[in-house]
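Written out below as structure tokens is the structure these notes cover.
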Amino acid sequence: MNKTHIEDSAISFEGKKIALRQSKDGMVMLISIHPDDIPASVVMSRLGTRYQCVLFEIGDDENLVVPDDVRAGKKAVAVAGQMCREESFQGWILMRAGIVLEGAVDPEQIAIESLKEELGIESRSELKDNTLAQDQFRNLIIQYRKDTADGKFQ
């Protein structure tokens, strides 16, 4: 599907969530739409018509709001990248994994692989959406900071 087709197919209006309940088919979200804003095509469509929905929260300042879970996921990916570039973290995670570097190897790449194995992920980008891996990563950072602050690792 190309961008023009998506733009031509889009129906845009502002709505306000007023209720959420569960039905046998899934969750039902009721949205209040001002009568001047609701597109005629939506009003005239048959019950059961399927729509692809995309929602953006609008703040009081009329700007789009990035959800906290999305912000946290992006931050985890960025921090993982930064940590794997730090020599201190590289040494700590390699020691934790029992890895001794020999020859011409890239310690950053080995740290990345060790981190992914520790978190059970295939790519650091999975931290964006994987809340379990995010929690494990947070705990790993806490342990790293504790070990380096206590002098257990130099």
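Taking the Cα centre of the chain as origin and assigning +1 to Lys and Arg Cβ atoms and -1 to Asp and Glu Cβ atoms, the resulting dipole is close to 500 debye. Sparsely packed loop sites in region 38-145 (the trypsin sites (Lys or Arg not before Pro) outside DSSP H, G, I, E and B with at most 16 other Cβ atoms within 10 Å) comprise 46, 50.
Estimated from helices alone, the mean residue ellipticity of the chain at 222 nm is -15000 deg cm²/dmol (sum of -39500 (n - 2.57) over DSSP H runs with n ≥ 4, per residue). In straight-distance terms, cross-link reach from residue 17 covers every one of the aspartates and glutamates whose alpha-carbon lies under 20 Å from its own, apart from those fewer than eight places away in the same chain; here that gives 25, 36, 37, 57, 60, 61, 62, 68, 69.
Hand me the GluC sites (Glu not before Pro) from region 1-83 located in a DSSP loop with no more than 12 other Cβ atoms within 10 Å, in residue order please.
Within region 1-83, the qualifying GluC sites (Glu not before Pro) (loop, at most 12 other Cβ atoms within 10 Å) are 14, 62.
Between beta-carbons, use under 14 Å as the cut-off and find the net charge around residue 59, counting Lys and Arg +1, Asp and Glu -1. So the environment of residue 59 carries a net charge of -4.
Which pairs, out of 16/116; 24/75; 75/146; 24/116; 24/74; 116/146, put more than 29 Å between their alpha-carbon atoms? Going by Cα-Cα distance, 16/116; 24/75; 24/116; 24/74 fall outside the 29 Å limit. Rounded to the nearest whole angstrom, the semi-axes of the ellipsoid equivalent to the chain, taken from the Cα gyration tensor as √(5λ), stand at 48, 17, 15, largest first. Along the charge dipole of the chain, Cβ charges K/R +1 and D/E -1, which of 101, 55, 30 sits furthest on the positive end? Ranked along the dipole, the leading option is 30.
Every number here is computed from the coordinates shown, using simple stated rules; none is lab data. Model, not experiment: these values are computed from the prediction. All Cβ positions, glycine included, derive from the backbone under ideal geometry; neighbour counts span all protein chains shown.
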